[in-house]
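The values are calculated or read from the model by the stated rules, or taken from the named source; none is laboratory data. All values derive from a computational prediction rather than experimental measurement. Cβ placement follows ideal geometry from the backbone for every residue including glycine, while neighbour counts extend to all protein chains displayed. Note: accessible area is taken over every heavy atom of the protein model, side chains too, but ligands, DNA and RNA are not part of it. Shrake-Rupley method; radii C 1.70, N 1.55, O 1.52, S 1.80 Å.
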Amino acid sequence: MLATNAVTLDELVRRLTPGVQEATIGQRLALVSAAVGDGVPVRYAFDALGDLKGTRVSPAQLRKVDAQALADYLESYDRLLRKFDLVDPQDRRWMAASNALESEWLRRFESVIVHAIYDPNPAEFAMLHNVMERLPGGGTVVLFNATSNVTPTRFAEWTWQQFVQDEQLANKAYPEYVSQVIINLIQPLGD
């Protein structure tokens, strides 16, 4: 969340990397399937390649540890992404991390509070670190996970208060019919 402007991690990535054509999940599935061929479960390859991209493991590093097949899959996947002028979401997060240091858009903000429901991977961590470094007031990370610095009760209170106070945030998080249920629940009985 930047100032009073709530943005998701994906929205932040898009703001920091305008004009980048990120591969959709369907495109990634097709490219991973083509990259690994028959005999390898696409689901496992999809997850493995995503993890490798998120941690910036290169084919050369994989070859050093005798993971030849995985190195070949990663090279093939990268080649297919380039062929179709697409970028993997993890690569885009690494780009966003680099762009955060020079972003004109971030100049509008003094500080950032990041509410994280899960632990960021290395690409996301680098991006958030650079955003905080860029802002004069730095930032705070509030974790809502197993190692969190926020109790489940506080998470529920924060979420509820934010949705009640900021209708736009509620509209982003919940479809119209759920928002109506919430509004009906907070109206006093008898109205």
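Overview of values
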{"quantity": "Residue check, residue 92 under 17 Å from residue 17 (Cβ atoms) and out of contact with any helix residue (DSSP H, G or I) (no Cβ under 8 Å at 6 or more places or on another chain)", "calculated": "no"}
{"quantity": "Residue 78 being part of a helix (DSSP H, G or I), open to solvent by 40 Å² or more (accessible area, probe 1.4 Å) and either of a type in the set (D, E, K, R) or within 19 Å of residue 129 (Cβ to Cβ) (or both)", "calculated": "no"}
{"quantity": "Close pairs from the stretch 120-131: first farther than 10 Å from residue 96 by Cβ and open to solvent by 50 Å² or more (accessible area, probe 1.4 Å), partner part of a helix (DSSP H, G or I) and modelled with pLDDT of 90 or more, Cβ under 7 Å, at least 6 apart", "calculated": "122/54"}
{"quantity": "Selection status of residue 119, of a type in the set (Asp, Glu) and modelled with pLDDT of 85 or more", "calculated": "no"}
{"quantity": "Pairs where the first residue, in the stretch 86-109, is part of a helix (DSSP H, G or I) and the second is open to solvent by 40 Å² or more (accessible area, probe 1.4 Å) and hydroxyl-bearing (Ser, Thr, Tyr), C-beta under 9 Å, 6+ apart", "calculated": "90/55"}
{"quantity": "Filter result for residue 70 (within 20 Å of residue 93 (Cβ to Cβ) and crowded, with 19+ Cβ neighbours inside 10 Å)", "calculated": "no"}
{"quantity": "Among the residues listed as 37, 54, the single one being on the phi > 0 side of the Ramachandran plot and either open to solvent by less than 70 Å² (accessible area, probe 1.4 Å) or under 20 Å from the mean Cα position of the chain (by Cα) (or both)", "calculated": "37"}
